[in-house]
1. Run the numbers on region 4-151 and let me know its relative contact order in percent, using alpha-carbon pairs under 8 Å that are six or more apart.
2. Points 7 angstrom from Cα along the Cβ direction at residue 90 and residue 77: gap in nanometres?
3. Can you list the residues, at least 5 places off or on another chain, whose amide H is less than 5 Å from the amide H of residue 59, using H built in the peptide plane?
4. In what order do 147, 107 fall by count of nearby beta-carbon atoms within 10 Å, going from fewest to most?
5. Just for the Cα atoms in region 63-159, what are the lengths along the principal axes, largest first, rounded to whole Å?
6. Based only on other Cβ atoms within 10 Å, what is the fewest-to-most ordering of 102, 133, 92?
7. Quick one: Debye curve from the C-alpha atoms of region 39-119, no solvent, what's log10 I(q)/I(0) at q = 0.19, 0.22 Å⁻¹?
8. Can you sort 47, 64 from fewest to most other Cβ atoms within 10 Å of each residue's own Cβ?
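Each value in this text was obtained by applying a stated rule to the coordinates, not by laboratory testing. Because the structure is predicted, anything quoted here is derived from the model rather than measured. Ideal geometry is used to build each Cβ from the backbone, glycine not excepted, and the neighbour counts take in all protein chains shown.
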Amino acid sequence: MGRGTLGIAAAALMTLAGGCGDPHDPVDMAKVVEPPPRFIEARDLLVQFYGLTETPDVYWYGRVGLDCHEGRAFTTAEGWCVQGITYFYRESILSNYWPSQSGLVGDGAMQHEFAHIAAYQHGILAGDPDHDSHWFQPGGELDQAYDLLVANGLATPGL
Ligand SMILES: [Zn+2]
């Protein structure tokens, strides 16, 4: 992400989630809503593009669960306000706020969190919580994944 207002907002929040590799956080099923349209298609595209060896479990938090950042994000068990968070190499929790606004699944934090999962699965310590690796560099795999989603009509160009 990192493009424009939406991307900056999401990236800033996710920076707070610097412990993307912290111990498993129980998912609060009361906050879970239906995935955005075409989620499976986008997930499978990212699994293939990132070369994931295991398909992550993804939980989408919706309106009742979006309790910080003016209803755009959610509070983790660690007390962080985030758009998305990843635990180990296999589980992400995502805010559905931006996808629910645009109808496009790639307008949220999914590809960002999947890049953490990719970093884990490709052997980078703790899934690169500080975003130092090539996965998160300008023009790196995360940017390429975003472009792929845009090309498939799954994300808004220029966010
Ligand atoms: Zn991150």
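1. 25
2. It works out to 1.5 nm between the two label points.
3. Close amide H contacts, sequence-distant or interchain: 92, 93, 94.
4. In order of increasing Cβ crowding within 10 Å: 147, 107.
5. Reported extents, whole Å, longest axis first: 36, 34, 20.
6. Ascending number of Cβ neighbours within 10 Å: 102, 133, 92.
7. -0.77, -0.99
8. Numbers: 47 17, 64 13.
Neighbour counts put them in this order, fewest first: 64, 47.
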